[in-house]
There are 2 protein chains.
Amino acid sequence: MNRFENLRETTISSDKVFDGVLLKVFRDKVELPNGKTSTRELIRHNGAVGVVPVTDEGKVIIERQFRYPFDQVLTEIPAGKLDTASEDHLEAAKRELSEETGYVADEWIDMGVFIPTCAYSSEKIYLYLAKGLHKGQQKLDEDEFLNVEEVPLSELVEQVMAGEITDGKTVAALLKAARILGV
Amino acid sequence: MNRFENLRETTISSDKVFDGVLLKVFRDKVELPNGKTSTRELIRHNGAVGVVPVTDEGKVIIERQFRYPFDQVLTEIPAGKLDTASEDHLEAAKRELSEETGYVADEWIDMGVFIPTCAYSSEKIYLYLAKGLHKGQQKLDEDEFLNVEEVPLSELVEQVMAGEITDGKTVAALLKAARILGV
């Protein structure tokens, strides 16, 4: 028996309760480990990618983007949704980096999966470190607005540790990149 | 003028489109920086707390919890939702640590805010490092199932860097704690 078998929940039924443009919300009926039933409300999501693009000088290409749920501009790494659940993660990361910042990269390092909200969304963000950057042409989606800046990784890590950078994928990806690069 | 004024979106109207037990989903109409209108779908959330409890021997009290959206047991720091949006964050952190693990702590260090999903949820998780641990009595909610273990912080950081620990708040909080403690 799996050592975690005492924790498993089993799906009894699943209903889509909101079918939005961005959010697909489901309410599932589940059987708990003690045999009782309960409900689980969750978002089903195709997944996303995030990139820490580092220049030869140790600077990160970073974005300032308005985030409506917080009525605030956040500092974030370049990131974006997968077009489909089956889209190749690395190809998506290359596309998002190029579209949002105009940069292409020679070297891509897999930094693993980041799960933003394990309790209520199936979203996974596939994180990469990108090196060997070359400047190309930014191609933002229509109605996509963001500012792009270059900031030393060491400075961004200080902002993370001071609680000034709060976006989750950005905090995790910058601290992973810093450990990999010895910053 | 604020340097980010070119990015701001303004609320025109807000509709609650799903009123669940856990999830409160809204569809808002907004005005974009270019004057056009668009919709924003989002979850409004009271917020949560997360704790990295470290023993005098450098071990972290960690949980293994089944997460339905992934049909998988994840390794996570002790965490939980605020009871109300106005609940004191530190008190909530003390409550969650005690209820889920049975531990109380002498020293609490603020590790800042973690935003799990800035695009579609207003949730903020307030992170703490807890030291000077004493064993008390675990008091799980009814229908809450999780296993508690003690694992050296250095080992957990290796698992984070190897991509074996994927829960976002856990990745961010462990890497922050490791930097603070010099691990």
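The values are calculated or read from the model by the stated rules, or taken from the named source; none is laboratory data. Source: prediction; values computed, not measured. Glycine gets a Cβ as well: all are built from the backbone with ideal geometry, and neighbour counts include every protein chain shown. Each accessible area value is taken on the protein alone, full model and side chains, heavy atoms only, with ligands, DNA and RNA left out. Shrake-Rupley method; radii C 1.70, N 1.55, O 1.52, S 1.80 Å.
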Fill in: Solvent-accessible ranking of B:Asp143, B:Asp28, B:Asp71, largest area first, probe 1.4 Å
B:Asp71, B:Asp143, B:Asp28
Response to the item:
Low-density loop GluC sites (Glu not before Pro), region A:25-60, at most 13 other Cβ within 10 Å, DSSP non-H/G/I/E/B, are A:Glu57
Practice prompt. Give the percent of DSSP beta bridges with both residues in the protein assembly as shown that are antiparallel, rounded to the nearest 5.
Written response: 85
Practice prompt. Roll a 1.4 angstrom probe over the protein heavy atoms and tell me the percent of accessible area of chain B that is carbon or sulfur.
Written response: 43
Practice prompt. Determine ³J(HN,Hα), in whole Hz, for all residues of region B:48-61 in sequence, where each value follows from phi through the Karplus function 6.51 cos²θ - 1.76 cosθ + 1.60 and θ = phi - 60°; x replaces Gly and Pro.
Written response: 8, 10, x, 10, 9, x, 10, 6, 4, 8, x, 9, 9, 7
Worksheet entry | B:Ile165 long-range amide H proximity, modeled H, under 5 Å | B:Val160
Worksheet item: Using the scaling law 2.2 N^0.38 Å as the reference, what is the normalised Cα Rg of the protein assembly as shown?
Response: 0.98
Worksheet item: Between the helical axis of B:89-101 and the dominant principal axis of chain B, each derived from Cα atoms, what acute angle in degrees is found, rounded to the nearest 10?
Response: 50
Item to complete: Give the angle, between 0 and 90 degrees and rounded to the nearest 10, that separates the Cα long axis of helix B:168-181 from the longest principal axis of the Cα atoms of chain B.
Response: 60
Fill in: Qualifying GluC sites (Glu not before Pro) for region B:93-170 [loop in DSSP, other Cβ within 10 Å: at most 15]
B:Glu142, B:Glu144, B:Glu164
Worksheet item: When each copy gets a label point 7 Å from Cα toward the beta-carbon at B:Asn46, what are the spacings between them in nm, shortest first?
Response: 3.5
Discussion item. Along each principal axis of its Cα atoms, how long is chain B end to end? Whole angstroms, biggest number first, please.
Written reply: 58, 39, 32
Practice prompt. With a cut-off of at most 13 other beta carbons within 10 Å, and DSSP calling the residue loop, which trypsin sites (Lys or Arg not before Pro) in region B:1-95 qualify? Please list them.
Written response: B:Arg3, B:Lys36
Worksheet item: Do the sum for chain A: with -39,500 (n - 2.57) for every DSSP H run of n ≥ 4, divided by all residues, what is the mean residue ellipticity at 222 nm, to the nearest 500 deg cm²/dmol?
Response: -6000 deg cm²/dmol
Worksheet entry | Whole-percent pair-distance distribution, where bins are 10 Å wide, for the alpha carbons of region A:1-77 | 14, 24, 25, 21, 14, 2
